[in-house]
Amino acid sequence: MVVLRTGPVTVGGVALENHLILAAGVLGTTGASLSRMLVRGAGGVVTKSIGPQPKDGHAGPCVVLLDNGILNAMGLPNPSRDFADELIPLGQKPVIVSIFGGNPGEFAEVAGWFVGKAAGFELNLSCPHAEGYGAAIGVDPTLVEACTRAVSALGMPTWVKLTPNVTDITAIGKAAERGGATAIVAINTIKAMRISTGLRRPVLGNRYGGLSGDAIFPVSVRCVYELYEACTIPIIGCGGISTADRVIEMMMAGARAVEIGSAVQRDIGIFETLKNDLYAKKGVAPEEIVGCAHG
């Protein structure tokens, strides 16, 4: 397996300690949990998605563990503007605030609460289980471009997280790029469901949810590969990354960094594990492998 040279990296305008980032929605609800992940080896962290009004989320069950992944339908629960207080103890650490809204104005409003309090923003235009938000907007290139422009105009690094639940993800990626995105994150969860044969009803309270984890890794690799050939801004790979070899594979597809979410559920020390397997002082320069799988 390829081993990378140690050292910090800057991706999409955000200075990171390494290529491994905590994905949104996983241990990102408090400043303490975000700090814990940074201490345990994450090069950067993304918060839980924050929206224009507080939300309680969907009725349970909200999370179901599967053999090869996780199915969830949280419904974007969040404390809204009050979350800003959680960032105060984190200072200048590489914290990216995930935000959502129902239109460009709401995205700009939420982002405005965190200007100067975070390293950048990640626009959640891809959650598959929140009516009126996320993928409901993220499947429309015009809306993606407008929402991205509304936030990028604030002058901070602006990442856009894309949904795989579209016919052509490159059209959405190019829309984000036109809107001023400094990076693309690919992908969010895949819309999915399971049914309990014993109860004769869906296992999730919301019926439909988002599938993450090992099962979606081939899809995320494909999406990153396609986006690398269509867009010029950096890509951050996300979806099913649980080993150092998968980090390398995602980078060969075109990712400059990766986000890790579901693997944290199995191993709270996943970032330390990956760092030990992935880096060495005399390793390969990362730029030598990013996109090398493209002929």
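Things to note:
- Out of Ile241, Ile233, sole residue that is touching a strand residue (DSSP E or B) at 6+ places or on another chain (Cβ under 9 Å), under 21 Å from Ile184 (Cα atoms), of a type in the set (Val, Ile, Thr) and open to solvent by less than 10 Å² (accessible area, probe 1.4 Å): Ile241
- Matching strands (runs of 3 or more DSSP E) fully within region 36-83 where at least 1 residues are out of contact with any Asp or Glu (no Cβ under 6 Å at 6 or more places or on another chain) and open to solvent by less than 10 Å² (accessible area, probe 1.4 Å): 44-46, 69-72
- One residue stands out among those in region 175-192 that are touching a helix residue (DSSP H, G or I) at 6+ places or on another chain (Cβ under 6 Å) and open to solvent by 20 Å² or more (accessible area, probe 1.4 Å): the one that is farthest from Asn124 (Cα to Cα), which is Arg178.
- When region 131-162 is limited to residues that are of a type in the set (Ser, Thr, Tyr) and outside any helix (DSSP H, G or I), the one that is nearest to the chain's Cα centre (by Cα) turns out to be Thr158.
- The residues of region 130-151 that are among the β-branched types (Val, Ile, Thr) and open to solvent by 40 Å² or more (accessible area, probe 1.4 Å), listed by number, are Val139, Thr142.
- Set Glu86, Glu106: member being open to solvent by 60 Å² or more (accessible area, probe 1.4 Å) and charged (D, E, K, R): Glu86
The values are calculated or read from the model by the stated rules, or taken from the named source; none is laboratory data. This structure is a prediction, so every number in the text was calculated from the model and none was measured. All Cβ positions, glycine included, derive from the backbone under ideal geometry; neighbour counts span all protein chains shown. Please note that ligands, DNA and RNA were not included when accessible areas were found on the heavy atoms of the full protein model with its side chains. Shrake-Rupley method; radii C 1.70, N 1.55, O 1.52, S 1.80 Å.
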